[in-house]
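Colleague: Have a look at the structure that comes next, please.
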Amino acid sequence: MKWEGHRESDQVEDRRGEDGGGGFMPGGGSLGIGSIVIALVASYFLGVNPLTVLNMLGGGGSSAPVQQASPRPAADDRTTHMVRTVLADTEDSWSAIFRERGATYKAPRLVIFSGRTQTACGTGQSATGPFYCPLDSKIYIDLSFYRLMQQRFKVTGEFAQAYVIAHEVGHHVQNLLGISTKVHQAQGSLSTTKANALSVRLELQADCFAGVWAYHANQARAILEQGDVEAALAAATAIGDDALQRQAKGEVVPDAFTHGSSAQRVRWFKRGLSTGAMTSCKTFEAREL
């Protein structure tokens, strides 16, 4: 991915090395590091609540200890610059898209942390992966997981890492449009199966929005290089609900999906990437996902 030399966002807070407080993840079960890593991956790429994944993997809660804050790394390392640049690119792309719609885009802030940190949605932990908090309009990410992503799932490439950020920004766009609020309100009166189905549509739309960003960023700044799209699609394939369930339990339970199958995630990201149009991301109206 071509990102060097482009503008970096000033909407970034670097909290690495700070003691964010917190303690243990709730629950009474016990999970090994392998299960926790799967939850981390799902959180990073799918926007999934990691507690949901941990419950799915372990049949209950988890008592896994939270990683302690590590010494503050250099703020000028390559990955940090990349993250700042990608966030700036999403700002430019979505500002232009909203402007075409006669609206104003209000960019989120991105918090880089290590171990744990306080958020308006509670204590954010490394074990939850990157997530978007609608209460403070901030994206939280522990960059150390990129290493785990490479080691366990062999997912490499900076565009795949950029996709992580773009997906979370997609949730921010949903929040600005009022989509997230409507979904969460509707889920309150639905069965678990039907609530999960809505969650899948929400997550697939965020994937599609990530594709929309990539389309516009590439049109404006030619960021894509050979192999970038394939890397992102490989990542989406590796972490679909069916792939995660098969690895954890050896079987697939579609009614328990909350983020979509590998094929669905790939399909909706490709749809946004090929069209560049928000109108192509109508997952809530689609008969088939």
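Quick note: the coordinates plus some simple rules give every number you see, no bench work behind them. What you see is a predicted model; the values in this text were computed from it and never measured. Neighbour counts are summed over all protein chains in view; Cβ atoms, including those assigned to glycine, are modelled from backbone coordinates with ideal geometry.
Colleague: Which far-off residues, 5 or more places away or on another chain, put their amide H under 5 Å from the one on Glu18, with H placed in the peptide plane?
Modeller: Ser114
Colleague: Check cross-link reach from Lys194 to the aspartates and glutamates: straight Cα distance under 12 Å, and skip same-chain residues fewer than eight apart.
Modeller: Correct list for Lys194: Asp255.
Colleague: Where does each of Thr193, Thr79, Thr119, Thr85 land when they are ranked from fewest to most other beta-carbon atoms within 10 angstrom?
Modeller: With the sparsest Cβ surroundings first, the list reads Thr193, Thr79, Thr119, Thr85.
Colleague: Please order Cys281, Cys133, Cys208, Cys121 by the number of other Cβ within 10 Å, starting at the fewest.
Modeller: Cys121, Cys133, Cys281, Cys208
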